[in-house]
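Below: one structure, written as structure tokens.
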Amino acid sequence: MDFQESDEHRALRSAVAALAAKYGHEYWVEKARSGEKTTELWAEAGRLGYLGVAVPEEYGGGGGGITELSIVCEELAAGGCPLLLLVVSPAIAATVIARSGTPEQRGTWLPGFADGSVRMSFAITEPDAGSNSHRITTTARRDGDGWRLTGRKVFISGVDETDTTLVVSRLADSRTGKLRPAMFLVPNDAPGVEYQPIPMEFTSPERQFTMFFDDARLPEESLVGGEDAGLAALFAGLNPERITVAAYACGIGRYAVSKGAAYAGSRSVWGRPIGAHQAVAHPLAKAHIEVDLASLATRRAAWAYDADDPATGEYANSAKYAAAEAAIGAVDAAVQAHGGNGMTSEYGVGTLWGAVRAARIAPVSREMILNFVAQHTLGLDRSY
Amino acid sequence: MNIVVLVKQVPDTNSERRLTDSDHTLDRASADVVLDEINERAVEEALRLQEAHGGEVTVVTMGPDSATDALRKALSMGADKAVHLSDAALHGSDAVQTARALAKVIGTVEGVDLVLAGNEATDGRMGAVPAMVAEVLGLPALTHARKVEVDGSTVRVERETDEGVAFVEAALPALVSVGEKINEPRYPSFKGIMAAKKKPVTTLGLADAGIDAAEVGLANAATTVVEAAPKPPRSGGQKVEDAGDGGVRIAEFLAAQKLI
């Protein structure tokens with residue numbers, strides 16, 4: 001067993017970290033506060049091929065996998081620039097299209113994912129379905145040579161900075177009449193599509209939206225993978241989402257620990273740096289260990305996904321759980337080490353509280369992960 | 001136009017840098033080592049010249065096995081191939097020995113039109129090696145460049161030093177060393193990182209490069225570090241109490257230091 005990352009992975013980490021350092025946390029906060037987007041960072045990361053690391057080479061991508069995409073996600077976050085859209089656009093949407101799209105859909109979309117010029121939102125959550133994707137009510141029906149989509153989605157990231165949304169819905173099977181999952185590529189400006197921002201209590205350049213589909217007319221080719229793609233197409237995207245959210249949380253955790261340690265090492269009270277006191281040092285050391293363990297779990301999950309390992313689901317869930325908990329602990333420890341400064345905008349630590357707290361809820365809640373592990377790993381009875 | 005870029009792996013300037021107690025040579029184990037930033041700028045300039053004029057970019061380094069990482073970084077930025085002079089006998093070589101050894105290595109690369117280097121490494125701070133290499137090779141040395149242009153067989157350089165800016169030119173082949181203002185180095189793209197893995201790196205020992213072991217190394221160096229002491233901690237400095245004339249007194253202080 002070899003825990004040493006390859007030369008290429010280390011080089012990618014260091015290159016992405018250098019790019020993140022050029023922009024820095026202040027840039028990210030400034031964009032979030034002013035309501036602007038992280039367009040410059042996104043475009044530069046796209047040109048350098050960091051956003052397209054996992055897109056197949058034949059479409060101009062890097063030919064890597066979720067392992068490489070997780071490195072990009074973690075390093076940007078560790079440099080103070082966690083990009084939520086990275087989880088949605090390259091991790092979910094590009095993966096779904098690469099794995100399940102028709103040859104035409106791959107040809108249309110993947111070159112844009114490779115250089116970051118395409119940005120796509122992903123809509124699964126519904127007000128009445130919550131985490132239960134089997135109870136989705138957004139429904140598509142045949143309409144001549146196309147489709148009509150009706151339904152409502154909540155907590156959809158970045159709709160104001162993407163052109164298209166990958167919408168999880170249900171489709172009446174032409175043979176059995178039963179409803180089954182299907183995904184549609186929906187232009188955000190299509191007639192019958194509306195979206196409204198949801199005011200949120202956290203710092204993020206990406207905003208959250210409610211989307212409404214009112215008999216929205218879609219062309220034939222908007223159905224991802226054709227009529228038979230179904231559930232497999234959806235699940236191809238959900239594990240990368242969990243794994244990259246884990247990487248995003250680990251990156252924020254590393255950023256917080258390093259900020260906390262730097263402050264504890266330089267802030268002197270009564271003649272000694274406050275970090276010389278165990279009450280300040282131990283929470284930071286504990287946070288470091290927990291973030292590091294979560295990062296290991298994330299790498300394992302990414303490896304498993306890229307290797308088509310059957311344990312990917314459990315690994316991805318474990319990584320997401322561990323990373324969210326570790327990141328919350330890390331930001332909390334860093335804020336505490338800073339005292340009042342931890343809650344100021346200037347010190348750039350409290351700014352991450354919302355992002356890590358959200359990672360305990362999304363894309364799948366801590367409780368649903370525990371349900372999954374209790375039922376599937378431990379063989380316990382399902383509670384719901 | 002074929003370009004050789006001289007690069008060096010140095011301790012990261014963000015980490016604590018020290019000399020070993022035993023022989024006062026650089027303690028490489030105690031710090032993270034990176035491709036020196038000024039060399040990234042030299043590589044960047046070589047790649048820009050290559051984009052305009054074609055040819056091949058070869059990066060050359062002298063250093064221990066770990067220096068391969070510095071070469072890979074330059075290759076991931078876009079250089080075509082690398083030559084690594086690595087031999088235990090080189091340990092502790094001084095500037096003159098280093099320049100002679102690098103000149104031999106440059107001699108193994110065919111048809112070199114231009115040698116690029118950073119003007120000074122962040123570890124040794126000698127700033128002498130580029131000019132010495134030019135001397136050994138009999139090439140014109142255009143140092144401290146903030147702008148480089150090649151026109152046919154002529155290289156034109158804006159040379160910026162504390163004394164001012166000079167506009168100099170030389171016939172190729174020549175050596176140019178670049179300063180901080182020359183450019184902003186590119187980040188390696190993911191494709192560049194993956195491609196670097198497949199690019200050729202030639203590793204040479206002393207014998208391969210035609211270097212006599214008696215001419216290099218600490219024991220044969222012309223200069224010796226006799227003693228080394230860490231930099232003293234910063235002292236308190238001078239406090240200016242503002243009695244209404246604070247601004248004037250700060251200006252006077254800065255003027256006395258020739259800062260304004």
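The values are calculated or read from the model by the stated rules, or taken from the named source; none is laboratory data. Quantities reported herein were computed from a predicted structural model and do not represent experimental measurements. Every residue, glycine among them, receives a Cβ derived from its backbone with ideal geometry; neighbour counts consider all protein chains shown.
Here are some notes:
- B:I250 vs. criteria within 14 Å of chain A (Cβ to nearest Cβ), among the hydrophobic types (A, V, I, L, M, F, W, C) and not in a loop (DSSP other than H, G, I, E, B): no
- Of all residues making up region B:146-168, the number that are of a type in the set (D, E) and either surrounded by 14 or more Cβ atoms within 10 Å (Cβ to Cβ) or modelled with pLDDT under 95 (or both): 4
- With respect to the conditions (1) surrounded by fewer than 21 Cβ atoms within 10 Å (Cβ to Cβ); (2) over 19 Å from B:L49 (Cβ atoms); (3) within 14 Å of chain A (Cβ to nearest Cβ), B:A213 lacks only one, and its number is (3).
- Condition met for B:A255 (without any contact (Cβ under 8 Å) to a residue 40 or more places away in the chain, closer than 28 Å to B:L85 by Cα and out of contact with any helix residue (DSSP H, G or I) (no Cβ under 6 Å at 6 or more places or on another chain)): no
- Among (1) in contact with a Gly (Cβ under 7 Å, 6 or more places away or on another chain); (2) crowded, with 23+ Cβ neighbours inside 10 Å - the single one B:V115 does not satisfy: (1)
- Unique residue being away from chain A (no Cβ under 14 Å), surrounded by 21 or more Cβ atoms within 10 Å (Cβ to Cβ), touching an Asp or Glu at 6+ places or on another chain (Cβ under 8 Å) and hydroxyl-bearing (S, T, Y) when the list is B:T98, B:T58: B:T58
- When B:S235, B:S189 are checked against the criterion of being hydroxyl-bearing (S, T, Y), surrounded by 14 or more Cβ atoms within 10 Å (Cβ to Cβ) and either out of contact with any Asp or Glu (no Cβ under 7 Å at 6 or more places or on another chain) or modelled with pLDDT of 95 or more (or both), a single residue qualifies: B:S189.
- Exactly one residue out of A:V118, A:V186 is on the phi < 0 side of the Ramachandran plot, at pLDDT 95 or above and assigned to a loop (DSSP other than H, G, I, E, B): that is A:V118.
- The residues of region A:255-310 that are in contact with a Phe, Trp or Tyr (Cβ under 9 Å, 6 or more places away or on another chain) and either small (G, A, S) or surrounded by fewer than 20 Cβ atoms within 10 Å (Cβ to Cβ) (or both), listed by number, are A:I274, A:G275, A:A294, A:L296, A:A297, A:R300, A:A301, A:A302, A:W303, A:A304, A:D309.
- Options A:E58, A:E26, A:E36; residue that is touching a Pro at 6+ places or on another chain (Cβ under 9 Å), surrounded by fewer than 18 Cβ atoms within 10 Å (Cβ to Cβ) and among the acidic types (D, E): A:E36
Conditions (1) touching a strand residue (DSSP E or B) at 6+ places or on another chain (Cβ under 8 Å); (2) of a type in the set (A, V, I, L, M); (3) closer than 19 Å to A:G80 by Cα, marked per residue:
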residue	(1), (2), (3)
A:P273	no, no, no
A:G329	no, no, yes
A:V349	no, yes, yes
A:I361	no, yes, no
A:R366	no, no, no
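- Helices (runs of 4 or more DSSP H) within region A:1-91 that include 3 or more residues away from chain B (no Cβ under 14 Å): A:7-34, A:66-78
- Test: residue in region A:67-74 that is within 20 Å of A:A15 (Cβ to Cβ), without any contact (Cβ under 8 Å) to a residue 60 or more places away in the chain and not assigned by TED's automatic domain parsing to the domain that holds A:A256: yes
- All of A:T108, A:T95 fail the test of being among the hydroxyl-bearing types (S, T, Y), part of a helix (DSSP H, G or I), buried (at least 24 other Cβ atoms within 10 Å of the Cβ) and more than 14 Å from every other protein chain (Cβ to nearest Cβ), apart from A:T95.
- Here is the figure for region B:144-178: residues that are of a type outside the set (K, R) and in contact with a Gly (Cβ under 8 Å, 6 or more places away or on another chain) total 5.
- Selection status of B:K231, within 14 Å of chain A (Cβ to nearest Cβ) and not β-branched (V, I, T): no
- For first residues located in region A:205-220 and under 9 Å from A:G158 (Cβ atoms), partners that are small (G, A, S) and in a strand (DSSP E or B) and lie 6+ apart or on another chain with Cβ distances below 9 Å form the pairs A:E206/A:S157; A:R207/A:S157; A:Q208/A:S157; A:F209/A:S121; A:F209/A:A123; A:F209/A:S157.
- Residue check for A:L171: farther than 30 Å from A:E26 by Cβ, more than 17 Å from the chain's Cα centre (by Cα) and buried (at least 21 other Cβ atoms within 10 Å of the Cβ): yes
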